[in-house]
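Written below as structure tokens is the structure these notes are about.
Only the coordinates and a few stated rules stand behind these numbers; no lab work does. Values in this document were obtained by computation on a predicted structure and should not be read as measured data. Neighbour counts run over all protein chains shown; Cβ positions are idealised from the backbone, glycine included.
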Amino acid sequence: MYRNLVVIFALLLLSGCRLVSEKQLADLKNPPNPHMADIKKTWQQQIVPQIEKEARPAQVLLQDLQSAGSFDEACKKYGYRSQEESPCNFYVTITGTVEKINTASRSGKMIIKDDQGNSYTVQIGPIIRGTTLRDAYRGASYQDFNDQVLFGDYGKEINQQAADMLKDIKPAGGNKISVTGVFSSWDIPQTLPDVTPAKVNKS
């Protein structure tokens, strides 16, 4: 019996086979998605810089959108969507004073008023609703996951990065503040929809 085991073990070595754990076997069958590997790094080095680069001042963006010939033209020029049946995601910067903080719900919001008297609503969490941050990122799409649940988890992890950032910033009424973020729309907006922040600076 012992001799048979030795022979079998030798054959396994010669054939290049190796024993693997259950987790390793599961990973071999369904390799981990690389986009889920280090979302914090992706957030800091790719998502936020991309949004900052493409963001336009709120009133300038609204005027440009309303001057566009069509919604499709506006989206191609000023926004991004991975497929035509999705809403378009636009990148925006808001600068002003925090007029109101609403934390009655865990999906908290703050209202910012700019120097011209325009008011904007920004999500502050701790629960960030929607998938706009995920969908506005050009570096990943559903085709990279082919798994609705995993793609949903990816969006939640990105939202968590925004929530953590806001927790550190702790915006309060009266703060002078600048927000760079995104919003989504199915048509050309007349007023700015709720904005999901990617970066917040207090002055």
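Listing for the model above:
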{"item": "Residue that is farthest from ILE169 (Cα to Cα) [pool: residues in the stretch 79-100 that are out of contact with any Ser or Thr (no Cβ under 9 Å at 6 or more places or on another chain) and crowded, with 18+ Cβ neighbours inside 10 Å]", "result": "TYR80"}
{"item": "Filter result (more than 23 Å from PRO57 (Cα to Cα) and in contact with a Ser or Thr (Cβ under 6 Å, 6 or more places away or on another chain)) within the stretch 130-168", "result": "SER141, GLY155"}
